[in-house]
2 protein chains.
Amino acid sequence: MTTRSISILGATGSIGASTLDLIRREPGKWRVVALTANCQAAELARLAREFSAEVAVVADESCLPELREALAGSRIAAAGGAGALVEAAARPADITIAAIVGCAGLAPTMAAIEQGGTVALANKEALVSAGDVMIEAVRRHGTTLLPVDSEHNAIFQCLAGNDPAHVRSITLTASGGPFRDWSAEQLAAATPAQAIRHPNWDMGAKISVDSATMFNKGLELIEAHHLFPVGLDKLRIVVHPQSVVHSMVEYRDGSTLAQLGPSDMRVPIASCLAWPARMDTPCDPLDLAALGELTFRAPDEQRFPATRLCRQAAEAGGAAPAVLNAANEVAVAAFLAGQIPFSRIAVMVEATMTRYTPPAPTSLAEVFGVDTEARAHARELLELA
Amino acid sequence: MTTRSISILGATGSIGASTLDLIRREPGKWRVVALTANCQAAELARLAREFSAEVAVVADESCLPELREALAGSRIAAAGGAGALVEAAARPADITIAAIVGCAGLAPTMAAIEQGGTVALANKEALVSAGDVMIEAVRRHGTTLLPVDSEHNAIFQCLAGNDPAHVRSITLTASGGPFRDWSAEQLAAATPAQAIRHPNWDMGAKISVDSATMFNKGLELIEAHHLFPVGLDKLRIVVHPQSVVHSMVEYRDGSTLAQLGPSDMRVPIASCLAWPARMDTPCDPLDLAALGELTFRAPDEQRFPATRLCRQAAEAGGAAPAVLNAANEVAVAAFLAGQIPFSRIAVMVEATMTRYTPPAPTSLAEVFGVDTEARAHARELLELA
């Protein structure tokens, strides 16, 4: 058995946990280089010891003393802070799982891309806010980029062995979120508690609200546009409440290939870990007879304008997706804090995009600048409201 | 544009017509070598002239004078009879569409396989009755065999780029036929007229009855066993009345790839013609939102014992599938002639399989022998009944 080296950026999050669960099942197959966390020092130290990692890093430097103490007596190096995070990501590894949430994940993800191994990407901002910069780095360094997101991983699988030139369309499936059957009036009165109850996936509050507004699907559309450059006019969305079909690719001959599976992130992660081969997961076999039916409907962009706004941002290109993403984060936080009603999230995002139209960022530093400025604009709009 | 040469065995049937419809849309791309028919001389001559075929062959020698007359003045060679059919199939062609129905298609299909080009297989008997012999010839001659049947073509597409060793299961979808919701009592009284009304595909009487008994799906199981040797225990059947999902492959990581498309044979034929690339077809894009729902249920082997019998025949191997196929043909003819009730078809097949257990055929001649003997046994059972 060939040993492969792996780094996990964001080891204590849900993607990290799923990844470690999979490699735990293949003893002797994996050599762990770096494990990182934000500030969960005790948990990170426990994992680093279990997997004999070379280095464990906390992004928040104030947590470094706790990490040092927890790793005392081991041969595992402990480090802390943004610089240490980038250094750890730059260590050679056959595959890096880039699963740090938010803009904090951008610099280490870029370091992993520049390092030259395969990068399995689970950080949304990398493609939404910094798509052009990241894809250019991937191209320059000859990095293999594998998508971890279940939808994009499905598309990646459906494209295997096919020439993208033969693609007629790519369809992202969307659960439609907890409000898919709500009227505009009901949506206007939706509460944070209602928004964070997602029907199929167990997720955090921010992403649950994104699922309810369908900004989540819109952001995935922007990601798909970077990962699979077949043209925005060929990218579709269909609402599929059961979340069994994860996405589809239709070819010019009328063949549609779809990837189906359980709502378990270990499936797409395993697909990345073993690619181009396959590895076992403990997921139950798909039983369509037990499921009985799969349903589909067109998305309603009147009630859920998010996908329309994301498509506009992708079409505009440049800084627009980063502005949209920053404005959405501010708006979602305001909604969760009870400051604005649910239906105002999209309105605020659109207003920020209209108000702030900076030139296209050409570096990560410029992406951060756009992100910061866009948040300031969004907050101003909040105060005006 | 590279020109490719093609022969179509069974040019006047529905697979032949669909193939010609596709190559007609790519003028200058295809050079037609041989076109064959059973006895439709006028139609064959018209097609041979339109596509400037090298040779046109009628299997029934008594139709040769009519063919000669219809081709008079052209540079197209006319021929007739079983030997001429094999000779035509043996002419070098980049791809041969083997679409002659029944045991009559075996020898020319074998000739096409031995010729060494790609063979797109639409003749069921080739794999059901002569599977071992055909697959051995494919192996020996290094022939690329592409399945035309929509289910097997779907599986082939879902396997692209993947190692069969990673397959957890292969699931053939079945419409369930016109009687899928009928009780055992209703089935016992089913008439030929009711049996030949297929819900999704426009087919001939024999294959429509096979769809109603589910022998069609069972025969496809036997074919799949030869085409995709992952083990019979990994081959499944699921009833899917809408016939949109044509078949599926599940991998060890829990990913299931499915191929979806319209009920139009031009899709799988185009997939064979262009493989490993893709070509345009005039089929409408898949619109799942318009379809609304796809449903699935487990097959009921109490009411429809055919799939169980076919699985038994595949497990037994050797001559058993040829015996089953021959007995089924006799039984279906007897049902269509009003001689036996619908529910007796499977009973007769099982009885023939019990009664006649010859050694495994090792040549086409021996396959024909088994087929003839099995028919005689089945007819005797008919008279006993």
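The values are calculated or read from the model by the stated rules, or taken from the named source; none is laboratory data. This one's a predicted model, so the numbers in the text were calculated from it and none came from an experiment. Positions of Cβ are backbone-derived with ideal geometry, glycine not excepted, and every protein chain shown enters the neighbour counts. When the accessible area is computed, the model is the full protein with side chains, heavy atoms only, and any ligands, DNA or RNA have been set aside. Shrake-Rupley method; radii C 1.70, N 1.55, O 1.52, S 1.80 Å.
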Please list, in chain and number order, the residues 5+ apart from A:Ser5 or on another chain whose amide H is under 5 Å from its amide H, with Hs placed from the backbone.
A:Arg31, A:Asp94, A:Ile95
Using a 1.4 Å probe over the heavy atoms of the protein chains, calculate the carbon and sulfur portion of the accessible area of segment B:152-317 as a whole percent.
52 percent
For chain B, would you read off the P(r) tail past 39 Å as a percentage of all alpha carbon pairs?
15 percent
Before anything else, pin down the relative contact order of segment B:220-306: Cα pairs under 8 Å, at least 6 apart, normalised by residue count, whole percent.
29 percent
Share of antiparallel DSSP beta bridges in the protein assembly as shown, in percent to the nearest 5?
35 percent
If you restrict to DSSP beta bridges whose two residues both lie in segment B:152-317, what percentage is antiparallel, to the nearest 5?
70 percent
25 Å Cα-Cα reach of B:Lys206 towards lysines, excluding residues that sit fewer than 8 places from it in its own chain
B:Lys124, B:Lys217
Report, by chain and number, residues whose modeled amide H sits under 5 Å from the one on B:Leu235, excluding near sequence neighbours (fewer than 5 apart, same chain).
B:Ile170
Heavy-atom accessible surface buried between B and A, both sides counted, 1.4 angstrom probe, nearest 100 Å², is 3400 Å²
Vicinal HN-Hα couplings computed from phi for segment A:31-37 (Karplus, 6.51 cos²θ - 1.76 cosθ + 1.60; Hz; Gly/Pro x):
10, 8, 8, 10, 10, 10, 8
Normalise the Cα radius of gyration of segment B:203-250 by 2.2 N^0.38 Å (N = residues in it) and let me know the number.
1.23
Could you please report the charge total around A:Val267, scoring K, R as +1 and D, E as -1 over all other residues with beta-carbon less than 13 angstrom from its beta-carbon?
-4
Cut-off under 5 Å, modelled amide H: who pairs with A:Ala11 long-range:
A:Thr36, A:Ala37
For each cysteine in chain B, check whether another cysteine's C-beta sits under 4.7 Å from its C-beta; list those where none does.
B:Cys103, B:Cys158, B:Cys272, B:Cys283, B:Cys310
P(r) tail fraction, segment B:1-55 - alpha-carbon pairs more than 14 Å apart, %:
46 percent
First compute the accessible area of segment A:1-86 with a 1.4 Å probe, then give the percent of it belonging to carbon and sulfur atoms.
50 percent
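Across the residues of A:152-164, average count of Cβ atoms on other protein chains within 10 Å?
Values: counts 0, 1, 2, 0, 0, 8, 5, 1, 4, 6, 6, 3, 0.
Counting Cβ atoms of other protein chains within 10 Å of each residue's Cβ and averaging gives 3.
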Over segment B:152-317, relative contact order from alpha-carbon pairs under 8 Å, at least 6 apart, %:
32 percent
What accessible area per residue comes out for the protein assembly as shown, rounded to a whole number of Å², with a 1.4 Å probe?
38 Å²
Quick check: net charge around A:Glu54, other residues with Cβ under 15 Å of its Cβ, Lys/Arg +1 and Asp/Glu -1?
+2
Principal axis dimensions, the protein assembly as shown - Cα atoms, whole angstrom, descending:
91, 57, 50
Among A:Glu373, A:Glu136, A:Glu329, the residue with the largest mean-square fluctuation in a Gaussian network model of chain A built from Cα contacts under 10 Å is A:Glu136
How high is the relative contact order of chain B? Use alpha-carbon pairs under 8 Å, at least six apart in sequence, and give a whole percent.
14 percent
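Using DSSP H assignments, which helices in chain A have an axial alpha-carbon span of 20 Å or above and a mean Kyte-Doolittle hydropathy of -0.5 or higher? All intermediate terms of the calculation are to be shown ahead of the outcome.
Values: long enough: A:320-336 (24 Å, 1.38); A:364-384 (30 Å, 0.13).
Span-like helices, by this rule, are A:320-336, A:364-384.
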Computed Rg/Rh of segment B:156-310, alpha carbon atoms with Kirkwood Rh
0.97
Taking Lys and Arg as +1 and Asp and Glu as -1, residues besides B:Ile155 with C-beta under 12 Å from its C-beta add up to -3
Rounded to the nearest 5, what is the percent of antiparallel bridges among the DSSP beta bridges in chain B?
30 percent
Which ³J(HN,Hα) values in Hz, rounded to whole numbers, follow from the phi angles of segment B:92-102 under the Karplus curve 6.51 cos²θ - 1.76 cosθ + 1.60, where θ = phi - 60° and Gly and Pro get x?
x, 8, 4, 9, 10, 8, 9, 10, 7, 6, x
For segment A:271-350, diffusion coefficient by Stokes-Einstein and Kirkwood Rh (Cα), 25 °C, 0.890 mPa s, µm²/s:
150 µm²/s
Can you tell me the Rg and Dmax of segment A:233-374, counting just the alpha carbons, in angstroms?
19.3, 52
Using the Kirkwood radius over Cα pairs of segment A:4-147, the Stokes-Einstein translational diffusion coefficient at 4 °C and 1.567 mPa s, in µm²/s and rounded to a whole number, is 88 µm²/s
Residue-wise, which Karplus ³J(HN,Hα) couplings in Hz belong to segment A:338-343, taking 6.51 cos²θ - 1.76 cosθ + 1.60, θ = phi - 60°, and x for glycine or proline?
x, 7, 9, x, 3, 5
